[in-house]
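What follows is one structure encoded as structure tokens, with my remarks underneath.
The values are calculated or read from the model by the stated rules, or taken from the named source; none is laboratory data. Quick caveat, the model's predicted, so the values are computed rather than measured. When we count neighbours, we look across all protein chains shown, and the Cβ atoms used for this are built from the backbone with ideal geometry, even at glycine. Side chains are part of the model used for accessible areas, which takes the heavy atoms of the whole protein and leaves out ligands, DNA and RNA. Shrake-Rupley method; radii C 1.70, N 1.55, O 1.52, S 1.80 Å.
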Amino acid sequence: MQTKRQIELVEAAIRVTANDGIQKLTIRNVASAIGVSEAAVYRHFASKHELLQAILVHLDSLLAPQFATLHASQGSYKEALTKFINDLFTLLEHNTAFTLMLFAEETFNVDIQLKPQLDALLSGNLKQLAKFYTDAIAEKRCRADLKPIELAMITFGTIRLYVSRWHMQDQPTNLMDYAAPVTASLSTLFSLQ
């Protein structure tokens, strides 16, 4: 578990990367972003590699509760998907820098040792979605002609595309404005009930 100071440093690192790019992610720039010395950062992270690892842990800790809602819902599968996308889009809209890190795997390509950790994070999220669709198919509340992992990939890809387009818009809009159309489209496409 990360300490309060480590989370503060991780969030500063995320902001630096989102605002200035991965090339500007240095211990010095993170320290400067929150007004501490480089030594203060090094007390918590021995290297940029450790800081990037901590970013992945932090991203995963923020996403895990979103995926947990898929399996905790007492309503229909369509209602569960709606809640999941609404909660996820709310999280992403209120954490723009976090969103840029989450959907930019190339950010972590600067450290080849992080690829397995990033892959594990993405694979874990896909498995959660696939389990959701497996359960829906078993209860005949979802189309069964596609594999659950394919449904999960389509869901993840759709979310990613909407979030990426939201980031690229010249005029600021609310990401939440896209939650209902995304949910409606996926529910119709998957015959989700």
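For the listed peptides 111-118, 26-33, a ranking on the average number of other beta carbons within 10 Å per residue, highest first, reads 26-33, 111-118. Protein heavy-atom accessible surface, 1.4 Å probe, per residue over region 60-190: 53 Å². Within the shell of other residues whose beta carbon sits under 11 angstrom from the beta carbon of Thr188, the net charge comes to +2, with Lys and Arg scored +1 and Asp and Glu -1. Region 33-48 and region 134-193 have Cα centres spaced 39 Å apart.
Can you give me the relative contact order of the chain as a percent, contacts being Cα pairs under 8 Å and 6 or more apart?
21 percent
With respect to the chain, whose longest principal axis is taken over its alpha-carbon atoms, helix 115-138 is tilted by about 20°.
Counted by Cβ distance under 11 Å from Pro148, the other residues give a net charge of +2, where Lys and Arg count +1 and Asp and Glu count -1. Sorting the segments 127-136, 60-69, 91-100 by their mean number of nearby beta carbons within 10 angstrom, highest to lowest, gives 127-136, 91-100, 60-69.
Grouping the Cα pair distances of the chain into 10 Å bins from zero gives a pair-distance distribution of 9, 33, 31, 19, 7, 1 percent in increasing distance order. To the nearest ten degrees, helix 148-168 and the longest principal axis of the Cα atoms of the chain are 50 degrees apart. As a fraction of the 1.4 Å probe accessible area of the chain, surface on carbon and sulfur atoms comes out at 54 percent. GNM on the chain, alpha-carbon springs under 10 angstrom: the most fluctuating residue among Val36, Val57, Val182 is Val36. Taking the C-alpha atoms only, the angle from helix 4-20 to the longest principal axis of the chain is near 80 degrees. The 1.4 Å probe gives accessible areas that order Met101, Met153, Met168, Met176, largest first, as Met168, Met153, Met176, Met101. Its alpha carbons give region 154-193 an Rg and a Dmax of 11.1, 36 Å.
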